[in-house]
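The values are calculated or read from the model by the stated rules, or taken from the named source; none is laboratory data. These figures come from a predicted structure and were not determined experimentally. Virtual Cβ from ideal backbone geometry, glycine too; neighbours counted across all protein chains shown.
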Amino acid sequence: MQRKTSEETALQGGLLKKDYENASGMNILTHDHPIFSGIAKAEPEFGQQSELIFLEVDGLPLTDQMEIDRERFRNDLRRNVIPKNIKPLAWSWIYPYNKEQPMQKVSVVNEYWPDFGGHVLNMGSIGWFNVLRRNDEKATKIVDNSVRYMMESSSAKKLTK
Amino acid sequence: MTKTRIAFALIFPLLITVGILYQYRFIEVEKAYYQTLLFLQSRELRKKFHIDTEQKDLVGYPENISFPEGNSLIFYIARNPGLSSSKLKSVEIFRIKDDTSVFQENISGKKAISQVCADYKENGCDFKTRIELNTNLTQGSYYAQFADESEGSSERIFFIILPNKLKKYDITIVYPNFTWNAYTRVGGASFYTSNSSRKYRLSLKRPIFYLGGPDETHGPYPTVLFEQRFWSLGYRVLPTLCRGRPRKKRLFRGAY
């Protein structure tokens, strides 16, 4: 998936101007997760200024209730590859690569525990390096929290033994 | 009837010859176009990020992107096409972990020849100036910068020193070197050039742009930022590279 689309196309697709302007960043879904430690609940957006959502993004479509939309793929093979225990942590507005659909809400930071062991934290966007090079303090804090969280994860340690 | 046959006999070989010449010319023009484009794009990127804003006159690549600890380092250097050849002056190597200079050597006497990259496949650019350095660098990621007597300097040339013996590390960071190589058009074509006969024969002996080329992602710099961040958090980081196995048709895929 990719973010780039014109403002005009996005607004014609029903997006609010405010949402389009925020589409360069992500929004926290699960505030009590350790990777968002120290981030104010009143300000769930991050990465807008540093262009965290950039070029290419991987994610899972969300329902209006902000849950993974498994029904979206009921008729294609992708329904089998979405892990059952996947946990959405942050979402963003995304413009689908095939450009047949308007911008939509997608869970881009996801966490899950594979059946064969280990612990996966998928950060979703190719643009995380923008956060570091542009000294985005808020998003950099999430990078640091994420690394520490994964280093302390007992299931990840188990896999590497 | 006989005249018509003679005319065809003359015209057909002529058309075939023109066709071959046109195809050859097309490839050469395309190669020159990409060379110029890359040269200009890298200059624009430097301006954009306010990094190394001066023009880089020298380009180069390591013999292998990784060297085992204790081995001498070999680089191939050229002066950018359009500039005249010059004499090299020095080389400096920086450790990526903390961006500090760890090695300097005077290499005067060697000439940096002005050269267009020979090819995107097989032996790659085939730059003629070979520099061998004995450094005693320990395991880690590094970049080298060459300077010449015309006050020109090179792009940052990324490489890794592989450990002879694995120690204890906290984090392994995998530099996506095949992706950089798949996207670079140095030598006239990339993995994504729309000509199926070219796709799977990219040479690793071509310069990689440190800042990542036109879309800013296909060079070492984005991953370097993460390695440096992990070190600054107090973790011991093992920098490594992608590994690929030659297949029957494809040299490697490896890009993502």
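Remarks
- Matching residues in region B:150-172 - criterion: being surrounded by fewer than 17 Cβ atoms within 10 Å (Cβ to Cβ) and under 21 Å from B:Gly234 (Cα atoms): B:Pro163, B:Leu166, B:Lys167, B:Lys168, B:Tyr169, B:Asp170, B:Thr172
Table: residues versus (1) without any contact (Cβ under 8 Å) to a residue 24 or more places away in the chain; (2) closer than 20 Å to A:Val147 by Cα.
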{"residue": "A:Ile39", "(1), (2)": "no, yes"}
{"residue": "A:Gly47", "(1), (2)": "no, yes"}
{"residue": "A:Ser50", "(1), (2)": "no, yes"}
{"residue": "A:Leu55", "(1), (2)": "no, no"}
{"residue": "A:Ile82", "(1), (2)": "yes, no"}
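- For region B:211-234, the set of residues classified as facing another protein chain (nearest Cβ under 7 Å) and either at positive phi or more than 22 Å from the chain's Cα centre (by Cα) (or both) consists of B:Arg229, B:Phe230, B:Leu233, listed by residue number.
- Test: residue in region A:85-100 that is modelled with pLDDT of 90 or more, within 14 Å of another protein chain (Cβ to nearest Cβ) and within 13 Å of the chain's Cα centre (by Cα): no
- Enumeration of residues in region B:73-113 that are hydroxyl-bearing (Ser, Thr, Tyr) and either touching a His at 6+ places or on another chain (Cβ under 7 Å) or closer than 16 Å to B:Gly187 by Cβ (or both): B:Tyr76
- Positions within region A:111-133 being within 16 Å of A:Met26 (Cα to Cα) and either among the basic types (Lys, Arg) or part of a strand (DSSP E or B) (or both), in sequence order: A:Glu111, A:Leu121, A:Asn122, A:Ser125
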